[in-house]
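Please read the structure below before turning to the comments.
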Amino acid sequence: MDRFLIDGGRPLEGRVTIGGAKNAALPAMAAALLTDKRVVLHNIPRVRDILTMRSLLDEMGADSALKHEREGNRLVIQARKIPDQTAPYELVKQMRASVLVLGPLVARFGHARVSLPGGCAIGARPINLHLKGLEKLGATVSIEHGYVEARVDRLMAGQIHFDSVTVTGTENIMMAAALADGTTLLENCAIEPEVEDLAALLLKMGADIEGAGTSAIRIRGVGRLHGAEHTVIPDRIEAGTFLVGAAITGGHLVLDRIEPRNLTAVVAKLAEAGVEINVVETASDSTQSHALEVRGRPPYRAADVVTQEYPGFPTDMQAQYMALATQAAGSSVITETIFENRFLHALELARMGADIAVDGRRAVVRGPVRLSGANVQASDLRASASLVLAGLAAEGESLVDRVYHIDRGYERIEEKLTRVGAKIRRISES
Ligand code: EPU
């Protein structure tokens with residue numbers, strides 16, 4: 001297992017190019033199962049979850065070719081035949097987003113067998129709403145030997161009101177309904193930019209979808225979908241993580257290739273705490289060439305955060321914000337409303353000197369404190385980002401263990417950080 005050795009206390013200075021959004025790329029890859037034609041995806045980040053999804057598609061019988069180039073990061077997927085419509089436990093346990101293949105498989109082949117994802121460090125994360133949605137579209141769903149087995153002759157349109165907002169649930173059912181017979185209405189949908197980006201790809205593939213990016217989506221099913229080419233949106237969470245990186249180290253960064261509209265809650269909260277952030281460039285024609293300039297001058301002001309569905313403050317930025325809150329004067333109250341156990345980083349941050357009291361879904365961070373380097377352990381993807389950020393700001397050396405978590409969702413983060421002045425080194429077991 002790899003670890004990061006960080007010698008903290010150096011401001012981050014320079015430019016960082018933000019990669020494509022992992023959480024937009026994963027559903028886009030699953031969508032390629034909806035057609036036997038080629039789907040070409042650009043701006044695919046070089047992260048482990050993408051490789052896991054690729055293994056899953058290839059294992060089922062798809063052909064994929066991944067080329068990481070200076071420009072492009074292109075992935076071509078062609079799911080001509082999928083002889084085995086099974087997502088095995090070995091892959092699903094590595095990545096819960098594997099469940100995104102369920103909707104496309106049932107829609108195109110009338111059958112899917114997908115391992116139930118087990119427990120997760122950050123919460124129970126059931127998939128009952130995905131299954132309920134598929135049943136509403138006429139599929140027969142059963143659970144056998146730890147696998148979800150879904151069958152149908154052809155999916156029929158339905159009216160589905162999600163009991164609560166679910167991102168991948170919305171995506172799964174939207175993909176399924178794209179090939180269903182009739183017009184499906186989805187209500188109480190997730191309005192995350194990643195859902196809208198998936199709909200943009202599906203439209204290019206010939207789907208008939210209205211309202212993605214709002215809470216009501218209407219999908220008129222079509223007989224078949226065709227190939228398409230699509231560039232996934234920039235990763236708003238990677239961007240947010242680097243914003244905190246500049247802030248917490250008192251640095252100055254320009255983040256290239258971002259979409260500021262998708263970052264408004266994060267930028268507003270950081271600004272409230274006293275971080276200076278400006279949009280410095282706008283593109284002539286492409287939204288992806290916006291840049292954000294961030295200047296950090298700690299200490300900051302305490303500012304409370306409540307995680308919410310988009311457009312609220314994202315749960316995927318909560319851990320990173322907690323690291324920053326240790327450098328703010330006063331008490332910052334952080335309330336996590338999306339996942340029931342997403343504070344595992346708090347105890348690790350405390351080992352670096354943070355003053356954090358956790359009570360259920362609320363954490364109170366008192367600052368500013370002087371962080372000091374320590375050995376800490378990552379528990380999940382965003383928690384590991386938080387520990388790296390704290391390590392960058394801390395005095396002395398930190399050793400962050402289990403960085404495979406961070407590799408799931410950040411593209412070579414130690415290289416990107418090194419280029420902007422951090423002293424961070426990967427130590428491989430081998
Ligand atoms: N939920 C249910 N039943 C369901 C589905 C969800 O009760 O059938 C609950 C969950 O347990 C959770 C809440 O609803 O309490 C929201 O979960 P959601 O389904 O929206 O999460 P997700 O789709 O599994 C995606 C991202 C996560 C991100 C969440 C919330 C992908 C691949 N993953 O997960 O990303 O935290 O939405 O925004 O899009 C990450 O990148 O680190 C990450 C965890």
Which residue, of Arg402, Arg425, Arg382, is modelled with pLDDT of 95 or more and open to solvent by 60 Å² or more (accessible area, probe 1.4 Å)?
Arg425
Scanning the stretch 339-355 for residues that are without any contact (Cβ under 8 Å) to a residue 40 or more places away in the chain and either within 16 Å of the ligand (Cβ to nearest atom) or open to solvent by less than 30 Å² (accessible area, probe 1.4 Å) (or both) gives Phe343, Ala346, Ala354
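Residue-wise test of (1) at negative phi; (2) part of a strand (DSSP E or B); (3) within 13 Å of the ligand (Cβ to nearest atom).
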| site | (1), (2), (3) |
| --- | --- |
| Lys132 | yes, no, yes |
| Glu149 | yes, yes, no |
| Asp163 | yes, no, yes |
| Ala177 | yes, no, no |
Any idea which residue in the stretch 385-399 is surrounded by the fewest Cβ atoms within 10 Å (Cβ to Cβ), counting only those that are of a type outside the set (Gly, Ala, Ser) and within 16 Å of the ligand (Cβ to nearest atom)?
Val388
Please work out which one of (1) within 30 Å of Arg412 (Cβ to Cβ); (2) at pLDDT 95 or above is the condition Ala139 fails and give its number.
(1)
Does Ile77 meet the test of being buried (at least 24 other Cβ atoms within 10 Å of the Cβ) and either basic (Lys, Arg) or assigned to a loop (DSSP other than H, G, I, E, B) (or both)?
no
Can you tell me which residues in the stretch 409-422 are closer than 14 Å to Ala319 by Cβ and either of a type in the set (Ser, Thr, Tyr) or open to solvent by 30 Å² or more (accessible area, probe 1.4 Å) (or both)?
Tyr410
When every residue in the stretch 157-187 that is without any contact (Cβ under 8 Å) to a residue 60 or more places away in the chain and of a type in the set (Val, Ile, Thr) is compared, the one most open to solvent (accessible area, probe 1.4 Å) is Thr183
Is one or more of the residues making up the stretch 203-210 assigned to a loop (DSSP other than H, G, I, E, B), open to solvent by 60 Å² or more (accessible area, probe 1.4 Å), out of contact with any Gly (no Cβ under 6 Å at 6 or more places or on another chain) and not acidic (Asp, Glu)?
no
Scan the stretch 219-258 for residues that are touching a Lys or Arg at 6+ places or on another chain (Cβ under 7 Å), among the β-branched types (Val, Ile, Thr) and surrounded by fewer than 24 Cβ atoms within 10 Å (Cβ to Cβ) and jot them down.
Val254
Take the residues in the stretch 53-73 that are open to solvent by 10 Å² or more (accessible area, probe 1.4 Å) and out of contact with any strand residue (DSSP E or B) (no Cβ under 7 Å at 6 or more places or on another chain); name whichever of them is nearest to the ligand (Cβ to nearest atom).
Ser55
Among the residues in the stretch 257-277, are any under 19 Å from Ile173 (Cβ atoms), assigned to a strand (DSSP E or B) and free of Cβ contacts under 8 Å to residues at least 40 places away in the same chain?
no
Name the single residue, out of those in the stretch 86-120 being outside any helix (DSSP H, G or I) and near the ligand (Cβ under 10 Å from one of its atoms), that is farthest from the chain's Cα centre (by Cα).
Pro117
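The values are calculated or read from the model by the stated rules, or taken from the named source; none is laboratory data. Just so it is clear, the structure is predicted and the values come from calculations on it, not from any experiment. So basically every Cβ, Gly included, is an ideal-geometry build from the backbone, and we count neighbours across all protein chains shown. Just so you know, the surface numbers come from the protein's heavy atoms only, side chains and all, with ligands and any DNA or RNA stripped out. Shrake-Rupley method; radii C 1.70, N 1.55, O 1.52, S 1.80 Å.
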